[in-house]
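Heads up: the structure comes next, in structure tokens.
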Amino acid sequence: AEINARKKKLQFYLELCKKKVKQTPDDSAYYELGVLQKESNNLDDATKALKKTIELNPKHSMALYELGVIYEQQKAYDKAIKNYTESLRIRENSEAFQNLGVCYLKKGMLKEAYRNLVKAVLLNPNKYTIYNNLGAVMEKLGNYENAVQMLTIATKLNPNNMIGFYNLGIALDKKGSFGEAIPAYGRAVELGHSKSEA
């Protein structure tokens, strides 16, 4: 029932936004419409609205950011990187640095991934997902010592951080600390990691 209520609410706001765009077709009306369409999973229309926002206001850092998020979801990492980078030129923001780092990680560009994730951490030192990603980068670089450090912070910041515990297990394993790896894997399984059968 809750999902339906949320859908109805979204629909209602969408209709309002469409009216607003007709009455005052400025960058903020298009941006609002784009974000709502993205939330309704209507990515093509969201992309159009966000592009229109940027056309009307090339310095709209949030529209560039949201467009980056859509491209990242669609695995169009190069386009996502371009949009996040432009957004960050206008205004630095931890989320954009983190997502940029993740896009570079997905492309196997580990130094760039590391650089951007560090910037994300400096702006938001308590966000556990950034440490998850830093841990993943370190592990891929073969720096298991630092990977363990990052993932330990990640699991301390969020004791229900399933991915963090699982990756901590992997990093400890590769570092040769099998004894410590087992409880980390155990915690991941408790939290319901999908690879728990293995």
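The values are calculated or read from the model by the stated rules, or taken from the named source; none is laboratory data. Values in this document were obtained by computation on a predicted structure and should not be read as measured data. Here the Cβ is made from the backbone with ideal geometry for all residues, glycine too, and neighbour counts use every protein chain on show. Accessible surface areas use protein heavy atoms only, side chains included; no ligands, DNA or RNA. Shrake-Rupley method; radii C 1.70, N 1.55, O 1.52, S 1.80 Å.
Things to note:
- Within the range 41-53, the residues that satisfy the criterion of being of a type in the set (A, V, I, L, M) and buried (at least 21 other Cβ atoms within 10 Å of the Cβ) are 46, 49, 50.
- Qualifying positions in the range 142-171 - open to solvent by 50 Å² or more (accessible area, probe 1.4 Å) and under 18 Å from residue 191 (Cα atoms): 153, 156, 157, 159, 160, 162, 163
- In the range 108-126 there is no residue that is farther than 28 Å from residue 80 by Cα, among the charged types (D, E, K, R) and without any contact (Cβ under 8 Å) to a residue 24 or more places away in the chain.
- A count restricted to the range 100-118 and to residues that are open to solvent by less than 20 Å² (accessible area, probe 1.4 Å) and either in contact with a His (Cβ under 9 Å, 6 or more places away or on another chain) or of a type in the set (D, E, K, R) (or both) stands at 0.
- Count of the range 105-128 residues, restricted to those that are of a type outside the set (Gly, Ala, Ser) and either touching a Gly at 6+ places or on another chain (Cβ under 9 Å) or under 20 Å from residue 78 (Cα atoms) (or both), is 14.
- Count - residues of the range 172-186 that are aromatic (Phe, Trp, Tyr) and loosely packed, with under 15 Cβ neighbours inside 10 Å: 1
- Residue check for residue 38: under 18 Å from the mean Cα position of the chain (by Cα) and either surrounded by 15 or more Cβ atoms within 10 Å (Cβ to Cβ) or under 30 Å from residue 140 (Cβ atoms) (or both): yes
- Just one of the listed residues (189, 121) is modelled with pLDDT under 95 and either among the aliphatic types (A, V, I, L, M) or open to solvent by less than 20 Å² (accessible area, probe 1.4 Å) (or both), namely 189.
- Residue in the range 51-61 that is in a helix (DSSP H, G or I), in contact with a Gly (Cβ under 7 Å, 6 or more places away or on another chain) and closer than 23 Å to residue 102 by Cβ present: no
- Residues located in the range 64-89, provided they are in a helix (DSSP H, G or I) and open to solvent by 30 Å² or more (accessible area, probe 1.4 Å): 72, 73, 77, 78, 79, 82, 85, 86, 89
- Any hit, the range 87-102, residues being under 30 Å from residue 55 (Cβ atoms) and of a type in the set (Asp, Glu): yes
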